[in-house]
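Presented below is the structure to which this report refers.
The values are calculated or read from the model by the stated rules, or taken from the named source; none is laboratory data. From a predicted model like this one, the values you see are computed outputs, not experimental measurements. Every residue, glycine among them, receives a Cβ derived from its backbone with ideal geometry; neighbour counts consider all protein chains shown.
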Amino acid sequence: MCKENNWSLIKVNKNHYCFSAFIKGGTENKYVYISISDVRYFNNDWYNHILVRTSKNEVDYKGGFNHYTTLDKLEYKICELLKELPF
């Protein structure tokens, strides 16, 4: 997904059953944070309830407002948020 959209996968925080990552969009230094919850619990939340929000950089875990999307719509949501970033 990142290669197809000319994004950079900047930082991946992986655990045994969940992960988060920062994606940098294009040449404008815009960032998005994504987080997928523990796949062992929360019946299909890893697929249907993915946290996505804007961030100032690759260490901004607070970022902008929380948005949630599905795995099928994740690429679209990231595109949408990268265009909306105010910084």
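Below, the figures for the structure above:
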| quantity | calculated |
| --- | --- |
| In segment 38-61, the residues that are of a type in the set (S, T, N, Q) and either in contact with a Pro (Cβ under 7 Å, 6 or more places away or on another chain) or under 21 Å from Glu80 (Cβ atoms) (or both) | Asn48, Thr54, Ser55, Asn57 |
| Condition met for Lys83 (basic (Lys, Arg), at pLDDT below 95 and outside any loop (DSSP other than H, G, I, E, B)) | yes |
| Residues that are surrounded by fewer than 12 Cβ atoms within 10 Å (Cβ to Cβ) and either farther than 21 Å from Leu82 by Cβ or modelled with pLDDT of 95 or more (or both), drawn from segment 5-27 | Lys14, Asn15, His16 |
| Check on Lys30, more than 10 Å from the chain's Cα centre (by Cα) and crowded, with 17+ Cβ neighbours inside 10 Å | yes |
| Wholly within segment 7-69, strands (runs of 3 or more DSSP E) carrying at least 2 residues that are charged (D, E, K, R) | 7-14 |
| Segment 31-57 residues that are at pLDDT 95 or above, paired with ones that are among the aromatic types (Phe, Trp, Tyr) and in a helix (DSSP H, G or I) (beta carbon under 7 Å, 6 or more apart) | none |
| Restricting segment 60-85 to residues that are in contact (Cβ under 8 Å) with a residue 40 or more places away in the chain and not charged (D, E, K, R), the residue that is surrounded by the most Cβ atoms within 10 Å (Cβ to Cβ) | Leu81 |
